[in-house]
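What follows is one structure encoded as structure tokens, with my remarks underneath.
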Amino acid sequence: MTGDGRAGDIRVLLVDDHPMVRRALAEALSDEDGLTVVGECEDGAQAVEAAAWLRPDVVLMDVSMAGTDGLTATAALRTAQPDARVIVLTAEGPEVRREAVDAGAHALVPKGTRLGLLLRCLRTVAAGGTGCPYCL
């Protein structure tokens, strides 16, 4: 699925194996000025392939997914596209921080985070910054 997007918008690829989570994130992000959801994937392997042709500015990547998990996919994506910006979403807690850093993620955000904080992180990571509480 691709969005129309406006020039200058931050292009976001959503990756989560739960359709309801993807839909909720897509709806929330689509309501924000300056953001465009360019695609949705249900596993890490799809994400690496989709990112190659969609060229998102930021990938929101779930950690735990059937098939290729988010950390493996993040490492593969960063190898294929070193400039790719990845925010890892987790319900697992801070114990995956070291693995997220090793995979090349730019931020680790708990899934229970309020939308405003997620948006701040997304915009910070897209701009190449590290000034949010979730940035690695």
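The values are calculated or read from the model by the stated rules, or taken from the named source; none is laboratory data. The shown structure was predicted, so the numbers you read here are calculated from the model rather than taken from an experiment. Neighbour counts run over all protein chains shown; Cβ positions are idealised from the backbone, glycine included.
Details
- Residue satisfying all of: in the range 112-132; surrounded by 15 or more Cβ atoms within 10 Å (Cβ to Cβ) and of a type in the set (K, R); nearest to V58 (Cα to Cα) among these: R123
- Where a residue in the range 107-129 is more than 15 Å from L29 (Cα to Cα) and touching a residue at least 24 places away in the same chain (Cβ under 8 Å) and its partner, wherever it lies, is among the aliphatic types (A, V, I, L, M) and assigned to a loop (DSSP other than H, G, I, E, B), with Cβ under 7 Å and at least six apart: A107/L136; L108/L136
- For the range 52-80, residues that are farther than 22 Å from G129 by Cβ and not in a helix (DSSP H, G or I) total 8.
- Some residue of the range 29-42 being modelled with pLDDT of 95 or more, in a helix (DSSP H, G or I) and exposed (fewer than 14 other Cβ atoms within 10 Å of the Cβ): no
- Selected residue (criterion: surrounded by the fewest Cβ atoms within 10 Å (Cβ to Cβ)) from residues of the range 83-111 that are among the small types (G, A, S) and out of contact with any helix residue (DSSP H, G or I) (no Cβ under 8 Å at 6 or more places or on another chain): G93
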